[in-house]
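Pasting a structure below so you can have a look.
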Amino acid sequence: MFTDSGSQIKSVASTLFVITTLIMIVLGLWVMFAVSVILGLVALILAVISAYVQCLFLAAFGDLVEQNARNAEINAKILELLESENEPKCADKEMTSEKNASDNGNACCEKPTVEQSAVPVHEDDGMITCPKCGLTQRNDRRCCLACGTKFTKE
């Protein structure tokens, strides 16, 4: 019943505009013939403008509901990606420089085939170099992206 409610609200807005406009045309014509032509024309114009503005607000609300639903879907995907980023990375996967740059470095690699640990070489530019394989990476890493060597404190 409430699926795709934004488009349903917009459909109701357009239907309401047509119905309200038809009713106001009939009433405006009645005023034109019963009371005054000028008063009837003014009533017709104001009624159509009023119905249009009312339906604009209702359609805008429908757009807002649709956007909210899209945002909820996007937020669910982002949450899924964030949760998958916190999973350990595999040590034997081939890493590219793009992956090195985008990886947050806080999730340590899965257990390497051989338990290794080493003190990384600290560079002047805030980077560290793995003593085992020589890969230069950010200094906030807890393990090497290329070989899986766990970094220890000096």
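The values are calculated or read from the model by the stated rules, or taken from the named source; none is laboratory data. None of the values given here were measured: they were computed from a predicted structure. Note that we place each Cβ from the backbone using ideal geometry, even for glycine, and neighbour counts take in every protein chain shown.
Output yes when any residue across the range 37-47 is of a type in the set (V, I, T) and outside any helix (DSSP H, G or I), and no when none is.
no
Go through the range 27-56 and count every residue that is farther than 12 Å from L16 by Cα and either exposed (fewer than 12 other Cβ atoms within 10 Å of the Cβ) or not assigned by TED's automatic domain parsing to the domain that holds I9 (or both).
6
Yes or no: the range 73-94 includes at least one residue that is under 30 Å from I23 (Cα atoms) and either under 13 Å from the mean Cα position of the chain (by Cα) or modelled with pLDDT of 85 or more (or both).
no
Anything in the range 5-36 that is aliphatic (A, V, I, L, M), more than 29 Å from R70 (Cβ to Cβ) and in a helix (DSSP H, G or I)? List them, or say none.
Correct list: I19, L22, I23, M24, I25, V26, L27, L29, V31, M32, A34.
Is it the case that I19 is of a type in the set (A, V, I, L, M, F, W, C) and surrounded by 12 or more Cβ atoms within 10 Å (Cβ to Cβ)?
Judged against the criteria, I19 is not a match.
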